[in-house]
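Q: Encoded as structure tokens, here's the structure I'll be asking about.
FYI, it's all coordinate maths here, none of it is from the lab. Everything numeric in this text was worked out from a predicted model, so none of it was measured. Note that we place each Cβ from the backbone using ideal geometry, even for glycine, and neighbour counts take in every protein chain shown.
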């Protein structure tokens, strides 16, 4: 009870920090927020910085490993909420309505980034890893990094558009491709879980990777079709919220028990829940999901920080290589998309594909929950979180620069001069 109370108080304190400090930093220096919550999780975690410096017995830790294991369902809820939100927003008609440029940008950039990051991570792991590393673990780590690296969040673009009134073909194609980027990442991440699934030889016949993928999709479709009846006639938002919590906990728990990705299962479930539903019903459900999205992201960031354990020095070299590699792969993927479309897109559109956001954090937590017993996953976890945090520092500025160069942001100098005078 004491630990739970401490976590709740700390979360409230983090919200106050974000509201009064992080928002000002975001507006003043054009960086996205989130690092303060992750830092809070690190300070509360099993091996906090304070304990490492002043307390060798780690008695200052408020959240130990046993407590984290007990809070696994809450972590699965936060991960599943991300998947359900993206699945519910992915309308097939909206996807088909996107322009050729947006679909091509999403497909080419995703697959290019995945191939480059996964392939190079395989070689870099062989160079930096000092112990024994099985081929299956090395391949699983490399492909997981590829999936996380291929994710591009549209959240930063929405903030830039709102702040600078960005309008034009470049911002439009980036906005249209953003959601599809993340769904492709979730799909690929789910396939990775199926391919590297644990041993099922205790059954009469071992289940293949393809069958595990079919089970993932079928589970999402079944639960989505089942639970849509509990939501379509419900008008009370509080009851809708509680119903969604129950739905996601059940789906995420089922996926966790089967060692599948709750991101994929919940994304399919969200898509199944919204197909054929009346517009007014879907709008109510989406409103509840969006309203709860930020709190769930905060929960994920706190847990990510609490789960982030120390890694050896060579791991930080690997992390640095991954951050640089992902940065270059994103720029290359944008150039490749432009070449594929014969110049319809800007060659430097990769500058707008750098933000990662909540899907990447959900992937990192998901890997820890299922494959946390494999030492290499600590390296993967650190690489993904470090990449998310560092991209918060420069992705918004690079995206703004791209939109200025493309002419989507106008009168920037005058507006910045006015803001500087007010400051």
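Q: Taking neighbour Cβ counts within 10 Å as the exposure measure, how do 243, 121 sort from fewest upward?
A: 243, 121
Q: In the range 309-336, which residues have a backbone nitrogen under 20 Å from the label point lying 7 Å from residue 115's Cα in the Cα-to-Cβ direction?
A: In the range 309-336, the label zone of residue 115 (backbone N under 20 Å from the point 7 Å along Cα→Cβ) covers 325-336.
Q: Would you mind ranking 72, 165, 238, 408 by Cβ crowding within 10 Å, fewest neighbours first?
A: Final ranking by Cβ density, sparse to dense: 238, 165, 72, 408.
Q: Rounded, prolate or oblate: pick one for the range 71-422, where a ≥ b ≥ c are the square roots of the eigenvalues of its C-alpha gyration tensor, a/c under 1.5 means rounded, and failing that, prolate if a/b is larger than b/c, else oblate.
A: oblate
Q: While we're here: How big is the shadow of the Cα convex hull of the range 307-385, averaged over all directions, in nm²?
A: 5.9 nm²
Q: Would you order 125, 43 from fewest to most other beta-carbon atoms within 10 Å of each residue's own beta-carbon?
A: Going from sparsest to densest Cβ surroundings: 43, 125.
Q: Something else: For residue 339 and residue 218, calculate 0.36 nm times their separation in residues minus their Cα-Cα distance, and state this gained length in nm to one decimal.
A: Between residue 339 and residue 218, full extension yields 39.8 nm more.
Q: Separate question: Report the label-to-label distance for residue 405 and residue 136 in nanometres (one decimal), using points 7 Å from each Cα along the Cα→Cβ vector.
A: Spacing of the two 7 Å Cα→Cβ label points: 4.5 nm.
Q: For the residue pair residue 103 and residue 195, what label-to-label distance in nm results when each label sits 7 Å from Cα along the Cα-to-beta-carbon direction?
A: 2.5 nm
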